[in-house]
Amino acid sequence: MVACGSTISGDYMSCDKDIVISAGDRNMLIAIQRELRTPNDSGGYTSSFATYTTAWVMMEQASGYERYKQNVLAAEATWKFSGLFNDLSGVQVTDRILVNDEYYNVRSIEDVKQRHVTICLRAEKGVVT
């Protein structure tokens, strides 16, 4: 019923040309959260996050590594969230993703093959926005 790229077959969508995702693979419900800034009494802002939208996506680890930063071992992981264009078209790189009480900061947004069918979000876990 949905397709991505040039592949149109049944209930499958493709995020990369080598990967075919069935509708059943979009089994992770995520919440996209957007920062809200409210003016405070001292002339600054108070920041909070509110849910902008929710969507069913396929979630998979894109990369991960460990490295030393200032003599401290730091682990970083990048995740890919693939979902339907209509569900994710308003996402911005300043948003964050909430999955099972864990936060992921959106780093890039790709409209796969510019067809407005599938969006792939790349996000990092455990990184301060």
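The values are calculated or read from the model by the stated rules, or taken from the named source; none is laboratory data. Just so it is clear, the model here is predicted, and its values are computed rather than measured. Backbone-built Cβ (ideal geometry, glycine too); neighbour counts: all protein chains shown.
Can you name the residue in the stretch 34-47 that is of a type outside the set (D, E) and not in a strand (DSSP E or B) and, of all such residues, is nearest to Q92 (Cα to Cα)? Please lay out each step first, then the result.
Going through the stretch 34-47, the residues of a type outside the set (D, E) turn out to be 34, 36-40, 42-47.
Now restrict to residues that are not in a strand (DSSP E or B): 40, 42-44.
Values: N40: 25, S42: 29, G43: 26, G44: 23 Å.
Here the answer is G44.
Among the candidates A77, A50, A31, which residue alone is touching a Leu at 6+ places or on another chain (Cβ under 7 Å), surrounded by 12 or more Cβ atoms within 10 Å (Cβ to Cβ) and assigned to a strand (DSSP E or B)? Lay out the reasoning, then the answer.
Numbers: A77 fails: touching a Leu at 6+ places or on another chain (Cβ under 7 Å); A50 fails: surrounded by 12 or more Cβ atoms within 10 Å (Cβ to Cβ).
So the residue among A77, A50, A31 that is touching a Leu at 6+ places or on another chain (Cβ under 7 Å), surrounded by 12 or more Cβ atoms within 10 Å (Cβ to Cβ) and assigned to a strand (DSSP E or B) is A31.
Inspect all residues belonging to the stretch 64-73 and state whether any of them is at pLDDT below 80 and either closer than 22 Å to D111 by Cβ or in contact with a helix residue (DSSP H, G or I) (Cβ under 8 Å, 6 or more places away or on another chain) (or both).
No; the residues of the stretch 64-73 include none that is at pLDDT below 80 and either closer than 22 Å to D111 by Cβ or in contact with a helix residue (DSSP H, G or I) (Cβ under 8 Å, 6 or more places away or on another chain) (or both).
Identify, by number, the condition in (1) in a strand (DSSP E or B); (2) touching a residue at least 24 places away in the same chain (Cβ under 8 Å) that T94 doesn't meet.
Of the numbered conditions (1) in a strand (DSSP E or B); (2) touching a residue at least 24 places away in the same chain (Cβ under 8 Å), the odd one out for T94 is (1).
I need the full set of residues from the stretch 1-28 which are surrounded by 15 or more Cβ atoms within 10 Å (Cβ to Cβ) and at pLDDT 65 or above, in order please.
Across the stretch 1-28, the qualifying residues are A23, D25, R26, M28.
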